[in-house]
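Report on one structure; see the data block that follows.
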Protein chains: 2
Amino acid sequence: MSLIVQKYGGSSVANPDLIKNVARRVIEGYEEGNQMVVVVSAMGDTTDHLIELMGNITDDPDPREVDMLLTTGEQVSIALLTMAIHSLGYPAISLTGSQMKIKTNEKHNQAMITDVDTTRLRKELAENKIVIVAGFQGINDNQDFTTLGRGGSDTTTVAVAAAMNANRCEIYSDVDGVYTADPRVVSDASKLDSISYEEMLELANLGANVLHPRAVELANNYNLELYIASSFNKTVGTIVRGDEKMEGKKNVVGAASDLGEIKITVERVPDEPGIAGKMFKALADAGVNVDMIIQNLQRDELNDITFTINQEQEKLAVKVLNKIKEKLKFDNYTIDQDVAKISIVGAGMQSTPGIAARMFTSFGENDINIEMITTSEIKISCLIKKEEADKALNVLHKEFQLDQINN
Amino acid sequence: MSLIVQKYGGSSVANPDLIKNVARRVIEGYEEGNQMVVVVSAMGDTTDHLIELMGNITDDPDPREVDMLLTTGEQVSIALLTMAIHSLGYPAISLTGSQMKIKTNEKHNQAMITDVDTTRLRKELAENKIVIVAGFQGINDNQDFTTLGRGGSDTTTVAVAAAMNANRCEIYSDVDGVYTADPRVVSDASKLDSISYEEMLELANLGANVLHPRAVELANNYNLELYIASSFNKTVGTIVRGDEKMEGKKNVVGAASDLGEIKITVERVPDEPGIAGKMFKALADAGVNVDMIIQNLQRDELNDITFTINQEQEKLAVKVLNKIKEKLKFDNYTIDQDVAKISIVGAGMQSTPGIAARMFTSFGENDINIEMITTSEIKISCLIKKEEADKALNVLHKEFQLDQINN
């Protein structure tokens, strides 16, 4: 008997009909003789609705109370999915994060899972029940409800699968797998049969919403194979796993554009040792995540330092820069919102020379101007003008023949 | 320092503005130097919305999952009320039934409170926090969420107040006290300054929605004085307490009509010992609550047995009667939905002869035909035609001068 852990995202349980659809899919697995553990998110826009309600009360809610509020979302969906399974004549039981004892640290709204106590889960499985688990939520040592932040249900799913040493871990949503690029932008984007944890992690960080980076990391830590597919059809999805092949890794498996960053240029910083360090330390201390960085020595021993951050942190960064401006003796800073980060990802690129050159050349041939570049072992990113993002993605997709990726 | 336990019903927290209103009222009590524990119900029609959602999934939901679903309602309102108090600059924390350890028996949907563990509550109060508690819900020994059934939040409130030995227990809703009759029917109905537990219990059982009978019983058991008032204004409400006066109890403190009963007449039942007993046992075993009963010996040693039940149990009763019809050898039964039960309540009536006579006479003088009568020590009820209910209520109100009740 296999143990399968499945996850269904919010759009997969957005209304009673979809919940019944999920119930039937879960029952199929059960009928095949598997033990089924199913993690669900809040229905469709429930969380948005709760946040709106909260917005009518306060602009500055206590994180503990936010979690008290938001954890109701999954509690509704687990109850309804369990009822739907019952109504089809199968045994099932729902468990909240607190009942499942998904233990987390104290950090409300962004809690980290510290332990999963599987006692109750094993008891219910031993009674041949399908167990429906609330994603996104846990409980801390005070018995207070916590939530895991973005992508929390993915993380719950992988954590439960790891704790149970599950035979399969399947993530179902409205996306039917991992694509070489966003199919809404690149018309011949192709779905990958498989992808490595590292590649998936880079793509996930770049905003491919199919799977949260935290969940990928956790799966990697436990070497847990994930299957990503759609809850709306039976199309074969994408497997995420450790790369078994030492050789023959693909150079480039995907291209992605991230429109959520802004570029900040700090002008005429004195060229003294440690100045850049002080600036980035001040930003980091305030919680600003800096992504790309370049530094240009200009005239008169003065540097321009340019970096990118997520646009959501603009206000925070501005506050920090205004505070340190005098101390660090820089002239001014400018903010450019008209940028897009275009990246290619592939575990094979580290052993294949010339990938970066091909990327830059293809941009040049298409009159796409590159403003910044960063590289990692399996990723190359360029910052370009926002309006060229879609074009750039198509250029790269063609250059690296991503439409033929599975051949 | 006094400890005040307050309850705000669903209509008192139906939207963000009303929640803010409740927050201000709670803070007033806190500012006066009191420790504040506040029990809240689900917002307005939240529960109805959840039940509707459930209805799209199944007609026969598992009671455990119903509780899993419904307990989210209060969880939302406690989080929002706590945020509203925070936003006004005061310390507060919300606790669910499970965090409060409102322990109940196993009976989902209609659980009985077995114990209230006040450890967490005392800890939070000791930190000078206003504590916001989810009404209606508890937790059983399996760590599963339970709900207390109708009037559950009232029961939670009284249970918490009793467990904490509170100085005051205040029930706020959209009703500003206990009236001598429904003010929508009797225009000069007057609000009672005070009422005894026994009288309140009878009125509550008769459908005065101001306070649930279970809560009244519990308050009586702990001799806990209750204050019933409106959350929408500062009008003085009604005190519910043990009757201190041995003498001078009022004959009649209120009149009520209950339109929710139906009359069933089982015709031509053989006049053998134990037949009626068998019939009512079969009904009771199926969970049908029988209210009024009369039995008329007819001709040929055959009886007609007439009784009333709540209209919600009609289907259930019909099922039982059809099953036992042959065994008990009765001819037929008829169901009359066109009935109303009109009652007068007063602790003093047991020591005052002639109250029943005045009731019947005043009905006779007003051409109101009485179909059935039952009496208890502090209540007399008559079954009449439904369309005469409002008239009958006004007749009684005048007869017993209930508009001058507090004089």
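The values are calculated or read from the model by the stated rules, or taken from the named source; none is laboratory data. What you see is a predicted model, and the numbers here were worked out from it, not measured in a lab. For neighbour counting, all protein chains shown are included, and Cβ atoms are generated from backbone atoms with ideal geometry for every residue, glycine included. Side chains are part of the model used for accessible areas, which takes the heavy atoms of the whole protein and leaves out ligands, DNA and RNA. Shrake-Rupley method; radii C 1.70, N 1.55, O 1.52, S 1.80 Å.
Just a few scattered comments:
- Charge dipole of chain A about the Cα centre (unit charges at C-beta), most positive-ward option of A:221, A:185, A:61: A:221
- Taking B:267, B:217, B:225 as the candidate residues, the one with maximal mean-square fluctuation in a Gaussian network model of chain B, Cα springs under 10 Å, is B:267.
- Look at where the Cα atoms of segment B:202-226 and of segment A:94-113 average out, and the two centres are 39 Å apart.
- Fraction of accessible area attributable to carbon and sulfur, the protein assembly as shown (%, probe 1.4 Å): 45
- Within chain B, helix-based [θ] at 222 nm, where runs of 4 or more DSSP H residues each add -39,500 (n - 2.57), nearest 500: -10500 deg cm²/dmol
- 7 Å along Cα→Cβ, label-point gaps from residue B:365 to other copies, nm, shortest first: 10.7
- The GluC sites (Glu not before Pro) of segment B:332-407 that meet both conditions, a loop assignment by DSSP and at most 13 other Cβ atoms within 10 Å of the site Cβ, are B:377.
- Sorted largest first, the principal axis extents computed over the alpha-carbon atoms of segment A:139-206 equal 51, 26, 22 Å.
- Surface accessible to a 1.4 Å probe, residue B:304 within the full protein complex, Å²: 30
- DSSP beta bridges in the protein assembly as shown [antiparallel fraction, %, rounded to 5]: 60
- Cα centroid separation, segment A:269-314 to segment B:26-91: 47 Å.
- For the peptide B:66-74, the mean number of other protein chain Cβ atoms found within 10 angstrom of a residue's Cβ is 5.
- Between A:174, A:243, A:271, the GNM of chain A built on Cα springs shorter than 10 angstrom shows A:271 fluctuating the most.
- At 7 Å out from Cα toward Cβ: residue B:209 inter-copy label distances (nm, ascending): 4.1
- Test item: A:46-58 mean partner chain Cβ contacts at 10 Å: 4
- Most fluctuating residue given options A:264, A:195, A:78, as computed from a GNM of chain A linking Cα atoms under 10 Å: A:264
- Taking the centroid of alpha carbons for each part, segment A:356-392 and segment B:169-186 are 72 Å apart.
- Both chains summed, the buried accessible area for A and B stands near 3200 Å², from protein heavy atoms and a 1.4 Å probe.
- Unit charges on C-beta of K, R, D, E only; dipole of chain A, Debye: 740
- For segment B:106-120, putting each phi into the Karplus relation 6.51 cos²θ - 1.76 cosθ + 1.60 with θ = phi - 60° gives couplings of 7, 6, 4, 6, 9, 5, 9, 6, 9, 6, 10, 8, 8, 4, 5 Hz, in residue order, rounded to whole numbers and with x for Gly and Pro.
- When A:341, A:325, B:379, A:123 are compared by accessible surface with a 1.4 Å probe, the order from highest to lowest is A:123, A:325, B:379, A:341.
- The string of couplings for segment B:315-328 from the Karplus curve (6.51, -1.76, 1.60, θ = phi - 60°) is 4, 4, 5, 4, 4, 5, 4, 4, 5, 9, 3, 5, 4, 8 Hz, one whole number per residue in order, with x for Gly and Pro.
- Normalising the average separation of contacting C-alpha pairs (under 8 angstrom, six or more residues apart) by the number of residues puts the relative contact order of segment A:3-174 at 31 percent.
- Cβ-placed point charges (K, R +1; D, E -1), dipole of segment B:3-174 about Cα centre in debye, nearest 20: 700
- In order along segment B:226-241, phi translates into HN-Hα couplings of 10, 10, 10, 8, 8, 8, 9, 8, 10, 3, 5, x, 10, 9, 10, 7 Hz, rounded to whole numbers, per the Karplus curve 6.51 cos²θ - 1.76 cosθ + 1.60 with θ = phi - 60° and x for Gly and Pro.
- For residue B:7, residues with placed amide H under 5 Å, excluding near neighbours: B:39, B:170, B:171, B:172
- Kirkwood Rh in Å, taken over chain B so that all alpha-carbon pairs contribute: 23.0
- Relative contact order (%) - chain B, alpha-carbon pairs under 8 angstrom, separation at least six: 14
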